[in-house]
Amino acid sequence: MQFSYTATTKEGKTVNGTSDAANKEALIEILTRQGLRPIIVKVGSSGGGLFGRPKRAKKVKLKDLVVFTRQLSTMISAGVPLVRSMSTLQSQCTDKYFQQVIGNITKDVESGMALADTFEKYPHIFSEVYVNMVRAGEAGGILDEILKRLASQVEQDASIRKKIKGAMIYPEVILSITVVAFFGIMIFIIPKIAKILTDLGGPDAKLPIYTQAMLSISAFMQHNAVFVIIVFVVVVYLIRRYIKTPGGKYKFHALLLRTPVVKNIIMKVAIARFSRTFASLMSAGVDVLNALDVTGGAIGNKVIEEELKEAAKAVKNGKQLSEPLSTSKHFPPIVSQMLAVGEETGQIDTILVKVADFYEEEVNVIIDGLGAVIEPLMIIVLGSIVGVIAASVMGPIASLSKNIGNN
């Protein structure tokens, strides 16, 4: 989200500017770190979009982010100063918007701001996990190593997302075709068949209940086609909007965790993300509570995030993390057992990386076999719809034709 702000420096000078941040509180925290005292913070900027609305923050391709992260890691490990490294990466970047962002970051770093704080100004590019790991790397003097891990993590996450999106293309296309075909049949084809039935048996012809229901639905949709389409679009829009609210998102994520097949994929992806992200943060020197807070937000499921918040409370009360996770509804026993071993040996990061590798491989296997499950399922659904329509139409036609032949 983009904000415009007015702030004062320690010397009392007034400063105006714009910045991206996750929310108003996050921006105030960023400005305070820069030695500024915010006076006014507003959503949007003076250079906003149409009718003064704030422009939507542009996205940066994950591929470009991975390349940037790897190259920055290489240059820092080679001893190149940070400002010079950023300037070089800015000149090499092919994405105009990302090039501008890198330029802004370079100026902030040059003025003495910490790299993590500059990244925090662009939450649509650098996630909370990314920013926290960079901050830990700066504090521990291992920024190059942290950036290498980040690049690998971003690549792995992008690979899983790409596979899931690829697996969902087929059912999405089939579902869209099914909806369009249903509306087409009901509005254009069924009315013609209704006329045939009326011609054969007359207006008082006795038809099966399911045929009458089909004809009634068709007649309603034919006379109210525009209304039906508008209602359908509005309902879809309202559902999508509700899902974006905190309560709606939680309920939607809970529903996904009860949906066959989808549940397994979501849980395994969540466990893989938790294991890899938590391991990376721990190895970077982030304390357990902060690591849990950041990891929960990176998992992508609000139900599991709430579980981790409850686990964090137990850790705060003196328990080991493996204890609350052992009673979790969504984390399998192997995760808590492996975590317990890591806590005993002091190798939590190493063991959790192995857990992440295992579950990422499990996700790959499930996604690869998803097509074999979805394809026959969609064929059954389509076949059922065609069968119901055919039975509702062809049966009465055959019966009426037979009666006419006997007469």
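No value in this document is a laboratory result; all are computed from the given coordinates. As the structure is a computational prediction, the values presented were derived from the model and not from experiment. Glycine gets a Cβ as well: all are built from the backbone with ideal geometry, and neighbour counts include every protein chain shown.
Which number do you get for Rg(Cα) / (2.2 N^0.38 Å) in the chain?
Relative to the 2.2 N^0.38 Å estimate, the chain comes out at 1.33.
Dipole magnitude for the range 62-156: about 180 debye, using +1 per Lys or Arg Cβ and -1 per Asp or Glu Cβ, origin at the Cα centre. Each distinct pair of alpha carbons in the range 207-305 adds a 1/r term; the inverse of their mean, the Kirkwood radius, is 17.2 Å.
Angle of helix 82-92 to the longest C-alpha principal axis of the chain, folded into 0 to 90 degrees and rounded to 10: 40°.
A straight chain from ILE209 to THR18 at 0.36 nm per residue would run longer than the Cα-Cα distance by 62.3 nm. Look at the dipole of the range 178-330 built from charges on Cβ: of GLY184, LEU281, VAL236, the Cα furthest out on the positive end belongs to LEU281. Qualifying trypsin sites (Lys or Arg not before Pro) in the range 118-214, where qualification requires a DSSP coil assignment and no more than 13 other C-beta atoms within 10 Å, comprise LYS206. With the convex hull drawn over the C-alpha atoms of the range 130-180, the volume per residue is 63 Å³. Rounded to the nearest 20 debye, the dipole magnitude of the chain is 1320 debye, with +1 charges on Lys and Arg beta carbons, -1 on Asp and Glu beta carbons, and the Cα centre as origin. Helix 348-406 axis versus longest C-alpha principal axis of the chain: approximately 20°, rounded to the nearest ten. Largest first and in whole Å, the equivalent-ellipsoid semi-axes of the range 62-156 read 17, 15, 14, each the square root of five times a Cα gyration tensor eigenvalue. Computed per residue of the chain from DSSP H runs no shorter than four, each worth -39500 (n - 2.57), the mean residue ellipticity at 222 nm is -24500 deg cm²/dmol.
Classify the range 241-292 as rounded, prolate or oblate, taking a ≥ b ≥ c as the square roots of the eigenvalues of its Cα gyration tensor: rounded when a/c is under 1.5, otherwise prolate if a/b is larger than b/c and oblate if not. Oblate is the answer for the range 241-292, as a/c is 1.5 or above yet b/c matches or exceeds a/b. Across bins of 5 angstrom width beginning at 0, how are the C-alpha pair distances of the range 135-291 distributed, in whole percent? With a bin width of 5 Å, the distribution comes to 1, 7, 9, 11, 11, 11, 10, 9, 7, 6, 5, 4, 3, 3, 2, 1, 1, 0. The HN-Hα couplings worked out from phi for the range 297-308 by the Karplus form 6.51 cos²θ - 1.76 cosθ + 1.60 (θ = phi - 60°) are x, 8, 5, x, 9, 5, 5, 5, 4, 5, 4, 5 Hz, whole numbers, x standing for Gly and Pro.
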